[in-house]
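Here is the structure we will look at, set down as structure tokens.
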């Protein structure tokens, strides 16, 4: 893995933007440069992000770090939502956009994906507040993996 060094001040700004948007710093950086890419390349970037986040989620999960794992499952799911949004020409830049995409896909598939997405949101919220027990984390993780599988089929 290659690394980029930024000053402490820039890092703090990126961290704050990421916190406000509910995204990782990496996602914030990708979003900043992605409009310069063609749509097919954008989708590929989102799919690579998805794979990276899912791999990291599973690694953190295996180590018992449920807080970090949950945030990476969130990243894996939202990267796929971004890819779907990009592919279909739908807005996909905010938490609200993600929810709207899930609603549209639910109608299209005649399947309530909102409950699965709510579980992913719960894992994301746990990153900031660390309130989930292992039992509830496990249930939300299962839902997250189900949603990820369904979204992957749509890309």
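Bear in mind that the values in this text are calculations on the coordinates, not laboratory data. For clarity, every value in this text was computed on a predicted model and none was experimentally measured. Counting neighbours? That spans all protein chains shown, and the Cβs are built from the backbone with ideal geometry, glycine included.
Assign one of three labels to the range 38-96, namely rounded, prolate or oblate, based on the Cα gyration tensor with a ≥ b ≥ c the square roots of its eigenvalues; rounded applies when a/c is under 1.5, prolate when it is not and a/b is larger than b/c, and oblate otherwise. Note, shape of the range 38-96 comes out oblate.
With a Förster radius of 35 Å applied to the beta-carbon distance between residue 59 and residue 103, the computed FRET efficiency rounds to 0.65.
Multiply the residue separation of residue 110 and residue 131 by 0.36 nm, subtract the distance between their alpha-carbon atoms, and state the gained length in nm to one decimal.
Working: separation 21, 0.36 × 21 = 7.56 nm, distance 3.24 nm.
Length gained, residue 110 through residue 131: 4.3 nm.
Working from label points 7 Å from Cα in the Cα-to-Cβ sense, the residue 153 to residue 32 distance is 3.8 nm. For the range 73-155, the equivalent ellipsoid built from the Cα gyration tensor has semi-axes of 22, 13, 10 Å, listed from largest to smallest. Once you put a point 7 Å from the Cα of residue 88 and another 7 Å from the Cα of residue 4, both along the Cβ direction, what distance in nm separates them? In this crude label model, residue 88 to residue 4 measures out at 3.0 nm. Over the chain, one equal point on each Cα, no solvent: what is log10 I(q)/I(0) by the Debye formula at q = 0.11, 0.13, 0.15, 0.19 Å⁻¹? Here the Debye-derived log intensity ratios amount to -0.41, -0.58, -0.78, -1.24. If you build a Gaussian network model of the chain, linking Cα atoms that sit under 10 Å apart, which residue out of 19, 141, 42 swings the most? Comparing 19, 141, 42 in a Gaussian network model of the chain, the most mobile one is 19.
Ordering of 101-113, 43-55 by packing is 43-55, 101-113, highest average first (other Cβ atoms within 10 Å, averaged per residue).
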